[in-house]
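We did not get these values from a lab; they are worked out from the coordinates using the rules stated. Predicted model only: the values in this text are computed from it and were never measured. Every residue, glycine as well, gets a Cβ built from its backbone with ideal geometry; the counts of neighbours run over all protein chains shown.
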Amino acid sequence: MIDATQIPDDVLAVCRRLRQAGFEAYLVGGSVRDLLLGRSSGDFDVATSARPEEILRVFGSRFSVPTGLQHGTVTVLAGATPRHVEVTTFRGEGVYLDGRHPSVVTFGATLAEDLSRRDFTMNAIAYEPQAGAIIDLHQGQQDIARRVVRTVGDAVQRFSEDGLRPMRAVRQATQLGFEVDAATLAAIPATLEVFRKVSAERVRDELFKLLRAPVPSRGIELMRQTGLLAEILPELLAAVGCRQNRFHKDDVYQHSLAALDAVRPEPILRLAALLHDVGKPRTQTPQADAPGEFGFFKHESVGAEMAEAIAGRLRLSGAETELLVALVAHHMFFYTPAWTDGTVRRFVNRVHTERIPPLFSLREADIVSRGRGEDPECETRELRARIARVAAEDAVLRVKDLAVSGADVMRVLGVGPGPQVGQVLNRLLERVLDDPALNQKETLERLIPEVAAR
């Protein structure tokens with residue numbers, strides 16, 4: 001049953017206005033599925049018998065935007081906020097030639113024909129809000145009750161039409177806590193050639209949605225079982241069965257999945273958790289003093305290089321790439337109370353202040369996912385307090401916090417722009433990190449010739 005009170009009034013108004021103009025109008029897709037599951041839905045899509053030009057006429061140019069006329073889609077601006085409601089004409093489709101787009105889109109189809117072209121049965125249910133009628137021609141409600149993701153019709157055909165659909169099946173099953181129907185799951189390896197045609201940006205967006213799921217490791221394992229992981233993150237496959245040592249209960253792959261589930265649902269942080277030990281298989285070395293155990297010297301540095309390559313392949317932004325690489329590169333810090341305040345400042349300078357919270361989250365997830373019952377905050381609790389204290393005492397943690405600038409260095413030394421200027425500033429910062437009292441303009445200007453000479 002659907003609780004109609006959960007449908008926003010402005011969405012109902014869109015359907016009502018189309019019906020008043022003489023057209024059919026139904027809520028379709030994920031919003032209907034979510035209503036049946038009792039989940040909140042932010043996006044509402046409407047399918048209608050009105051053609052695109054008729055939709056534009058009904059709502060007028062002020063409240064409608066022709067966002068995809070070739071596919072029959074008009075975005076209606078509903079309500080005072082306004083809410084964006086995608087209204088799409090019932091349509092039929094020709095064959096798919098590029099793994100994404102049908103060769104031809106035809107309007108004038110029936111609701112039944114429109115529903116039959118959709119990806120999964122749980123998304124092929126329509127709801128007519130005025131009558132409270134549910135139109136379910138593909139046993140979608142039954143599959144929702146069974147908590148199963150199943151394609152509409154033949155799975156190989158559906159996946160051959162749009163190469164992203166296999167990833168969508170895995171992602172939606174992970175988000176909803178569903179299983180993937182056996183025939184649907186079996187069709188994924190058979191259609192990977194079509195999946196390879198999908199743009200990196202679309203794959204990345206689906207991966208990020210999966211990483212926000214309550215238990216994202218389920219999706220990563222489904223990707224591994226179906227061959228999708230080999231296409232997207234093949235570097236992780238070497239972690240399967242990669243043995244560690246007495247400090248870890250699991251192999252590198254299972255440890256990485258546990259760390260993934262343990263961090264906040266932020267895509268870059270979760271991707272960093274998944275990849276934090278990706279360099280271990282390449283650095284695995286038997287321990288001479290501990291038979292059957294292995295060490296992984298500098299695996300964080302190797303992993304950071306691998307993470308940077310992965311970020312490029314996924315078309316991450318510059319800021320996302322920098323954060324991902326930094327988290328992987330610095331996750332192996334080992335704090336002890338013996339650290340001086342200068343060491344604490346150097347740590348913050350190296351990592352950058354804004355990256356400390358996600359790095360600590362990653363480190364805590366790394367510790368708890370070892371499976372040895374350790375206190376996850378054993379290395380971050382006191383360090384947090386010390387960072388806060390040194391930050392309150394002085395603000396000198398980076399070159400830009402120095403009381404002198406590059407212009408001052410050039411003036412004092414009588415030189416022009418060049419590498420020497422940055423080198424002098426970095427050496428001054430080293431002095432100030434140990435002794436913040438030195439951060440006075442006159443003091444630093446007196447030190448400039450000395451550090452330059454060295």
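In deg cm²/dmol and to the nearest 500, what is the mean residue ellipticity at 222 nm of the chain if only DSSP H runs of at least 4 residues count, each as -39500 (n - 2.57), divided by the residue total? Write out the running numbers ahead of the final one.
On the way: 23 runs with 227 residues, N = 454.
Result for the chain: -14500 deg cm²/dmol, rounded to the nearest 500.
Can you find, among Ile2, Gln284, Pro189, the residue farthest towards the positive end of the dipole of the chain? Put +1 on the C-beta of Lys and Arg, -1 on that of Asp and Glu.
Checked the options; the winner is Gln284.
So, R0 is 51 Å and r is the distance between the beta-carbons of Asp341 and His84; what FRET efficiency does that work out to, to 0.05?
Values: r = 52 Å, r/R0 = 1.02.
After rounding to 0.05, the efficiency reads 0.50.
Mind giving me the FRET efficiency for Arg212 and Phe63? R0 is 30 Å, r the Cβ-Cβ distance, nearest 0.05 is fine.
It comes out at approximately 0.40.
Considering only C-alpha atoms, what is the centroid distance from the stretch 1-78 to the stretch 354-427, in Å?
Cα centroid to Cα centroid, the span is 51 Å.
Got a sec to turn the phi values of the stretch 294-302 into Karplus ³J(HN,Hα) couplings, 6.51 cos²θ - 1.76 cosθ + 1.60 with θ = phi - 60°, whole Hz, x for Gly and Pro?
9, x, 9, 4, 6, 5, 5, 6, 4
Give, in nm to one decimal, the length gained when the segment between Ala21 and Leu192 is fully stretched (0.36 nm per residue of separation minus the Cα-Cα distance). Write out the running numbers ahead of the final one.
Values: separation 171, 0.36 × 171 = 61.56 nm, distance 4.46 nm.
Working it through step by step, the gained length comes to 57.1 nm.
Could you work out how much longer the chain between Ala182 and Arg146 gets when fully extended? Use 0.36 nm per residue separation minus the Cα distance between them, nm to one decimal.
Numbers: separation 36, 0.36 × 36 = 12.96 nm, distance 1.30 nm.
Contour length minus Cα-Cα distance gives 11.7 nm.
Once you order the gyration tensor axes a ≥ b ≥ c over the Cα atoms, which shape class does the stretch 153-232 get: rounded for a/c under 1.5, otherwise prolate or oblate by comparing a/b with b/c? Walk me through the numbers before you get to the answer.
Working: a/c = 1.70, a/b = 1.21, b/c = 1.41.
Because a/c hits 1.5 or more and a/b fails to exceed b/c, the stretch 153-232 counts as oblate.
Reachable lysines from Lys280, Cα under 28 Å, same-chain residues fewer than 8 places away excluded?
Lys209, Lys249, Lys298
What is the helix-to-structure angle for 441-453, meaning the angle in degrees between its Cα long axis and the longest Cα principal axis of the chain, kept from 0 to 90 and rounded to the nearest 10?
Helix 441-453 sits roughly 80 degrees off the main axis of the chain.
Classify the stretch 38-165 from the C-alpha gyration tensor, please: rounded if a/c falls under 1.5, else prolate or oblate depending on whether a/b exceeds b/c.
Values: a/c = 1.88, a/b = 1.25, b/c = 1.50.
Taking the square roots of the gyration eigenvalues as a ≥ b ≥ c, the stretch 38-165 is oblate.
Please give the charge dipole size of the stretch 153-232, origin at the Cα centre, charges +1 on K and R Cβ atoms and -1 on D and E Cβ atoms. Round to the nearest 20 debye.
Details: 12 positive and 11 negative charges, 53 e Å.
Taking the Cα centre of the stretch 153-232 as origin, the dipole is about 260 debye.
Put +1 on the Cβ of each Lys and Arg and -1 on the Cβ of each Asp and Glu in the stretch 1-154; which of Phe44, Val28, Ala126 then has its Cα farthest toward the positive end of the dipole?
Farthest towards the positive pole: Phe44.
As an exercise, use a Förster radius of 56 Å and the Cβ-Cβ distance of Asp289 and Ala453 to find the FRET efficiency, rounded to the nearest 0.05.
Numbers: r = 46 Å, r/R0 = 0.82.
Working from the Cβ atoms, E equals 0.75.
Rounded to the nearest 20 Debye, what is the dipole magnitude of the chain about its Cα centre when Lys and Arg each give +1 and Asp and Glu each give -1 at the C-beta? Present the calculation step by step, with values, prior to reporting the outcome.
On the way: 57 positive and 61 negative charges, 61 e Å.
Approximately 300 debye in magnitude.
In cubic angstrom, how much convex hull volume per residue do the alpha carbon atoms of the stretch 233-393 span?
Working: hull volume 18.6 nm³, N = 161.
Once divided by residue count, the hull of the stretch 233-393 is 116 Å³.
List the pair-distance distribution P(r) of the chain, using every Cα-Cα distance, as the percent of pairs falling in each 20 Å bin from 0 up to the bin containing the longest distance, rounded to whole percents.
20, 41, 28, 11, 0
What nm distance separates the two modelled labels at Phe334 and Leu37, each placed 7 Å from Cα along Cα→Cβ?
Using points 7 Å along Cα→Cβ, the separation is 4.4 nm.
Under a crude label model (7 Å from the Cα following the beta-carbon direction), how far is Arg381 from Glu305 in nanometres?
About 3.8 nm, to one decimal.
Obtain the nm distance between the two label points defined at Asp3 and Ala200 by a simple spin-label model: each point lies 7 Å from its Cα along the Cα-to-C-beta direction.
4.4
Please list the equivalent ellipsoid semi-axes of the stretch 399-453, computed as the square roots of five times the alpha-carbon gyration tensor eigenvalues, in descending order and whole angstrom. Walk me through the intermediate numbers first.
Details: eigenvalues 57, 22, 19 Å².
Ellipsoid semi-axes (Å, largest first): 17, 11, 10.
From the phi angles alone, apply the Karplus equation (6.51, -1.76, 1.60; θ = phi - 60°) to the stretch 315-323 and give each ³J(HN,Hα) in whole Hz, x where the residue is Gly or Pro.
Coupling constants for the stretch 315-323: 6, 5, 5, x, 5, 5, 5, 4, 5 Hz.
Test of understanding: what is the full-extension gain from Leu413 to Glu53, defined as 0.36 nm times their sequence separation minus their Cα-Cα distance? Could you put the intermediate results ahead of the total?
On the way: separation 360, 0.36 × 360 = 129.60 nm, distance 7.09 nm.
That works out to 122.5 nm of additional length.
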